[in-house]
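S.K.: Got a structure for you, questions after.
The values are calculated or read from the model by the stated rules, or taken from the named source; none is laboratory data. Bear in mind the structure is a predicted one, so any value in this text is a computation, not a measurement. Glycine gets a Cβ as well: all are built from the backbone with ideal geometry, and neighbour counts include every protein chain shown. Accessible surface is based on the protein model in full, side chains and every heavy atom, while ligands, DNA and RNA are left aside. Shrake-Rupley method; radii C 1.70, N 1.55, O 1.52, S 1.80 Å.
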Amino acid sequence: MLLKHFNDLSERAYYQSRPCFSDFLDMNAQSLLLQYFKGPIGAELYGGYDFAERKIAVFSETEVGDYPVCWLEISPSYPKYAEKLGHRDFLGSILGLGLERSCIGDLLMEGSTARVLCLERVRDFIIQELTQVRHTSVRAKVIDIPESITKPKFEIIHGTVNSLRLDAVISLAFHLSRSQSCGLIEGGQVYINGRLNTSNGAALKDGDKISVRHKGKFIFSDNKNKSKKNKCIVEIHKYV
């Protein structure tokens with residue numbers, strides 16, 4: 001059904017000569033699109049910033065100027081009396097308004113302020129209806145997202161692995177045993193450059209972006225050097 005939906009959007013963009021957009025897609029839907037979709041017009045993914053997790057699919061033969069999404073800043077009305085609020089608090093309150101998860105993209109936290117990417121069609125509804133997160137009064141407004149907020153921040157991890165196998169690198173990145181890494185991979189929790197991967201022995205290349213559900217994301221860097229024990233010296237840029 002999802003591939004049929006993508007095909008409908010692609011055909012509409014082709015025959016009507018205009019860009020067509022999906023709602024926000026999770027990693028599974030993005031992987032399905034990247035690996036299996038074939039239509040008259042291919043798709044690109046857009047999430048508002050580099051390394052976004054949730055993205056819309058864009059079907060267009062020409063360069064797209066404006067995407068049907070916008071950033072909202074949601075902050076306490078009275079910061080002095082605000083509770084300590086987190087990602088789950090804001091997302092729960094937004095979805096509690098009756099919105100589908102596909103209307104909402106990534107949500108970026110800074111203190112007790114959230115910046116959330118949403119579809120334009122739900123923008124005014126959120127601004128009008130979202131007045132409280134937990135017991136804290138909040139207000140929402142449209143913003144131009146600061147580059148300092150969307151620029152990824154990384155923890156750099158240096159280490160050695162016996163080989164550039166996916167399971168070995170995930171073990172290093174998240175301090176897991178090899179069996180734990182294999183469980184995540186075989187359980188369909190790992191994506192390489194947006195594509196679902198279930199092979200423990202997949203060989204990583206320099207610059208590959210790895211997402212592990214419920215664990216985090218990182219960029220793999222191979223400096224092609226070997227240790228004295230002939231192990232591969234690698235660098236991991238782990239998203240924080």
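S.K.: For residues that are aromatic (Phe, Trp, Tyr), modelled with pLDDT under 95 and not in a helix (DSSP H, G or I), scanning just segment 29-53, find the one that is nearest to the chain's Cα centre (by Cα).
M.R.: The extreme case among them is Phe51.
S.K.: Would you say Ile41 is open to solvent by less than 50 Å² (accessible area, probe 1.4 Å), hydrophobic (A, V, I, L, M, F, W, C) and under 22 Å from Val116 (Cα atoms)?
M.R.: So Ile41 fails the test.
S.K.: Return the pair list, or none, for Cβ contacts closer than 8 Å from residues in segment 160-183 that are in contact (Cβ under 8 Å) with a residue 12 or more places away in the chain and small (Gly, Ala, Ser) to residues that are open to solvent by 30 Å² or more (accessible area, probe 1.4 Å) and assigned to a helix (DSSP H, G or I), at least 6 apart or on different chains.
M.R.: The qualifying pairs are Ala168/Arg178.
S.K.: In addition: From the set of residues in segment 187-220 that are among the charged types (D, E, K, R) and surrounded by 13 or more Cβ atoms within 10 Å (Cβ to Cβ), which is nearest to Phe174 (Cα to Cα)?
M.R.: That would be Lys215.
S.K.: So, of the residues in segment 98-110 that are within 24 Å of Tyr78 (Cβ to Cβ) and in contact with a strand residue (DSSP E or B) (Cβ under 9 Å, 6 or more places away or on another chain), which turns out to be most open to solvent (accessible area, probe 1.4 Å)?
M.R.: My answer is Met109.
S.K.: Enumerate the pairs (first residue in segment 211-231 and more than 26 Å from Glu53 (Cα to Cα); second residue anywhere and outside any strand (DSSP E or B)) with beta-carbon separation below 7 Å, excluding pairs fewer than 6 apart on the same chain, so at least 6 apart or on different chains.
M.R.: These pairs meet every condition: Lys231/Asn162.
S.K.: Follow-up question, since we're still on this one. Here are Ser75, Ser102: which of them is among the hydroxyl-bearing types (Ser, Thr, Tyr), in contact (Cβ under 8 Å) with a residue 40 or more places away in the chain and closer than 30 Å to Arg18 by Cα?
M.R.: Sole residue among the options that is among the hydroxyl-bearing types (Ser, Thr, Tyr), in contact (Cβ under 8 Å) with a residue 40 or more places away in the chain and closer than 30 Å to Arg18 by Cα: Ser102.
S.K.: From Ser148, Ser93, grab the single residue that is of a type in the set (S, T, N, Q), open to solvent by 70 Å² or more (accessible area, probe 1.4 Å) and not in a strand (DSSP E or B).
M.R.: Exactly one residue qualifies, and that residue is Ser148.
S.K.: Do you know which residues across segment 119-139 are assigned to a strand (DSSP E or B) and aliphatic (A, V, I, L, M)?
M.R.: Leu119, Val133, Val138
S.K.: Something else about it: Please work out if Ile157 is buried (at least 18 other Cβ atoms within 10 Å of the Cβ) and either modelled with pLDDT under 95 or not in a loop (DSSP other than H, G, I, E, B) (or both).
M.R.: When the stated conditions are applied, Ile157 does not pass them.
S.K.: Assess whether Ile74 counts as being open to solvent by less than 20 Å² (accessible area, probe 1.4 Å), over 26 Å from Ile219 (Cα atoms), part of a helix (DSSP H, G or I) and at pLDDT 95 or above.
M.R.: no
S.K.: Consider Val142 carefully, then state whether it is under 18 Å from Asp66 (Cα atoms), assigned to a strand (DSSP E or B), open to solvent by 30 Å² or more (accessible area, probe 1.4 Å) and not basic (Lys, Arg).
M.R.: In short, yes.
S.K.: Cβ-Cβ under 7 Å, sequence separation 6+ or interchain: first residue in segment 85-97 and closer than 8 Å to Val133 by Cβ, partner assigned to a loop (DSSP other than H, G, I, E, B) and of a type in the set (S, T, N, Q). Which pairs?
M.R.: Leu85/Ser112
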